[in-house]
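Before any comments, here is the structure.
The values are calculated or read from the model by the stated rules, or taken from the named source; none is laboratory data. Remember, it's a predicted structure, so these values are computed and weren't measured experimentally. Because the Cβ atoms are built from the backbone with ideal geometry, glycine has one as well, and the counts that use them run over all protein chains shown.
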Amino acid sequence: MALALAAAILQLTLACAPAAPHMRAELVLGTLCKLSLYGRDRPETAAAVFERLRIIEARMSANLDDSEVSRVSRSAGIAPQTVSEDTFYVIKTAKEFAELTDGAFDPTIAPLVRLWGIGTENARLPSEEEIEAARRLVDYRGLILDPAARSVFLERAGMGLDLGAIAKGYAADEAASILRAAGVESAIIDLGGNVYTLGRKRGGKPFRIGIQDPAAERGSYLGALTITDRSLVTSGPYERFFIEGGRRYHHILDRRTGYPSDSGLVSVTIIGASSIRADALSTSVFVMGKERGLALLAGQAGVSAILVDESGAISLSGPESSSFELLDMKKYHLE
Ligand code: FAD
Ligand code: MG
């Protein structure tokens, strides 16, 4: 009897405890990608997601010599290159954002990315002459797309393509659509700074996602948001950088100066149904700064944002920012 009672209590406890997710994590897209599936374990679905991420990486990485992106860069000033539908779509979207932001977001930023080498073992502070020479090669207007031939051409020799600020967003959208097609109702896809929540937690509550404190170690959150079926993408200067002469040089570059962007923002989080848009916008707003960034966001339907500036002031934009909870009230304040 006592045993039966104990078993019943144990069963009740298990039923009430939040089910642990089925996790799978792999290094892909240059970052640790984590998939958490709630409910039933579906190893074949998780495998399909990672297989898709690897295909996207193989096509769009600027770090792999045989990717489509590298082929386009090598053929700059020589000949247009036909690419997969995937890659064409991401490049086309990148060019649209470059036009929308007047080049604050620019997928032809590669010559500057290579020169600075931030995030690689070759990171260094280049000379003014080197920066000027690389800067002159960055111009999205020289990125020519032919939809009929599905071809991509960089007009001048020395130009290059870099989809690092947008391809993870596309990858998150693709992962979410694989999960939806497989009937997964509840999951979190985390592609390093690029999170997608599918459905709700057990019990129907929305997921609560923390926003990294840009001035503290990884895993310290300045605030949190509750979101359902949304992507949340953060751009910041705190993950990839080097310090020289007491100055910090980070990986989001401003083609107008050739230097890391110095817009006064230290973190930009975008929330939206489309992760590719959220990814492009997080980098765009980071470079544009608070005022121009908020003006850009005001014209983007269905997109919300949380902007943090270097004084600790937080600006909210869009309907979904209303669920934002400020966790660190000492360092940060809402405007
Ligand atoms: P975001 O703000 O979204 O993007 C910043 C990145 O975009 C920069 O790192 C740069 O690449 C580019 N960029 C900089 N300034 C601009 C600008 N003004 N406009 C447009 N783009 C800009 N990392 C590795 O270390 N090794 C790898 O092998 C590797 N492979 C990758 C393959 C793929 C397909 C992708 C998508 C990424 C890969 N990465 C790799 C990671 C890549 O460097 C990240 O995308 C990068 O860290 C930026 O992600 P983010 O979310 O931090 O910042
Ligand atoms: Mg981005």
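When 48, 98, 79, 94 are checked against the criterion of being of a type in the set (Gly, Ala, Ser) and surrounded by fewer than 13 Cβ atoms within 10 Å (Cβ to Cβ), a single residue qualifies: 79. Does residue 257 count as within 11 Å of ligand 1 (Cβ to nearest atom), more than 17 Å from residue 209 (Cα to Cα) and surrounded by fewer than 23 Cβ atoms within 10 Å (Cβ to Cβ)? Against the criterion (within 11 Å of ligand 1 (Cβ to nearest atom), more than 17 Å from residue 209 (Cα to Cα) and surrounded by fewer than 23 Cβ atoms within 10 Å (Cβ to Cβ)), residue 257 qualifies.
Can you say whether residue 103 is within 16 Å of ligand 2 (Cβ to nearest atom), surrounded by fewer than 21 Cβ atoms within 10 Å (Cβ to Cβ) and of a type outside the set (Asp, Glu), as far as the supplied structure shows? Criteria met by residue 103. When region 125-138 is filtered for residues that are loosely packed, with under 15 Cβ neighbours inside 10 Å and more than 26 Å from residue 90 (Cβ to Cβ), the ones remaining, listed by number, are 125, 127, 128, 129, 132.
Go through the residues of region 37-50 one by one and say whether even a single one is within 16 Å of ligand 1 (Cβ to nearest atom), modelled with pLDDT of 95 or more and part of a helix (DSSP H, G or I). Checked against the condition, which is being within 16 Å of ligand 1 (Cβ to nearest atom), modelled with pLDDT of 95 or more and part of a helix (DSSP H, G or I), region 37-50 yields at least one hit. When each of 215, 176 is tested for being surrounded by 14 or more Cβ atoms within 10 Å (Cβ to Cβ) and part of a loop (DSSP other than H, G, I, E, B), the lone residue that passes is 215. Kindly provide the set of residues from region 140-166 that are within 16 Å of ligand 2 (Cβ to nearest atom) and either of a type outside the set (Gly, Ala, Ser) or over 30 Å from residue 236 (Cα atoms) (or both), ordered by number. Scanning region 140-166 gives 140, 161, 162, 163, 166. Here residue 240 clears all of (1) farther than 16 Å from residue 279 by Cα; (2) free of Cβ contacts under 8 Å to residues at least 60 places away in the same chain; (3) touching a strand residue (DSSP E or B) at 6+ places or on another chain (Cβ under 8 Å) except the condition numbered (2).
Condition check ((1) at negative phi; (2) touching a residue at least 24 places away in the same chain (Cβ under 8 Å); (3) of a type in the set (Phe, Trp, Tyr)) across all residues:
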| site | (1), (2), (3) |
| --- | --- |
| 88 | yes, yes, yes |
| 94 | yes, yes, no |
| 102 | no, no, no |
| 128 | yes, no, no |
| 152 | yes, yes, no |
| 167 | yes, yes, no |
| 171 | yes, yes, no |
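In this structure, residue 111 does satisfy being touching a Gly at 6+ places or on another chain (Cβ under 6 Å) and surrounded by 21 or more Cβ atoms within 10 Å (Cβ to Cβ).
For the condition more than 13 Å from ligand 2 (Cβ to nearest atom), of a type in the set (Ser, Thr, Tyr) and within 30 Å of residue 108 (Cα to Cα), residue 170 does not qualify. Of all the numbered requirements in (1) of a type outside the set (A, V, I, L, M, F, W, C); (2) over 17 Å from the mean Cα position of the chain (by Cα); (3) farther than 23 Å from residue 323 by Cα, residue 174 misses one, and that requirement is (2). The number of residues in region 233-243 that are more than 12 Å from ligand 1 (Cβ to nearest atom) and modelled with pLDDT of 95 or more comes to 0. Got a sec? Which strands (runs of 3 or more DSSP E) wholly within region 219-335 have at least 1 residues that are within 15 Å of ligand 2 (Cβ to nearest atom)? Those strands (runs of 3 or more DSSP E) span 230-235, 247-250, 265-272, 304-309.
Only a single criterion out of (1) more than 11 Å from ligand 1 (Cβ to nearest atom); (2) charged (D, E, K, R); (3) not in a helix (DSSP H, G or I) is not satisfied by residue 121, namely (1). Just one of the listed residues (162, 190) is within 18 Å of the chain's Cα centre (by Cα), surrounded by fewer than 24 Cβ atoms within 10 Å (Cβ to Cβ), within 16 Å of ligand 1 (Cβ to nearest atom) and among the acidic types (Asp, Glu), namely 190.
Pairing residues of region 40-67 that are over 27 Å from residue 183 (Cβ atoms) with residues that are assigned to a loop (DSSP other than H, G, I, E, B) and of a type in the set (A, V, I, L, M), at Cβ distances under 6 Å and at least 6 apart in sequence or on separate chains, gives 60/163.
Residue under question is residue 141, and the condition is that it be surrounded by 14 or more Cβ atoms within 10 Å (Cβ to Cβ), over 20 Å from the mean Cα position of the chain (by Cα) and of a type in the set (D, E, K, R); does it hold? Criteria not met by residue 141. Restricting attention to region 266-296, the residues that are under 24 Å from residue 139 (Cβ atoms), more than 11 Å from ligand 1 (Cβ to nearest atom) and in contact with a Leu (Cβ under 9 Å, 6 or more places away or on another chain) add up to 3. When region 51-73 is filtered for residues that are of a type outside the set (S, T, N, Q) and buried (at least 16 other Cβ atoms within 10 Å of the Cβ), the ones remaining, listed by number, are 52, 53, 56, 57, 59, 60, 62, 68, 69, 71, 72.
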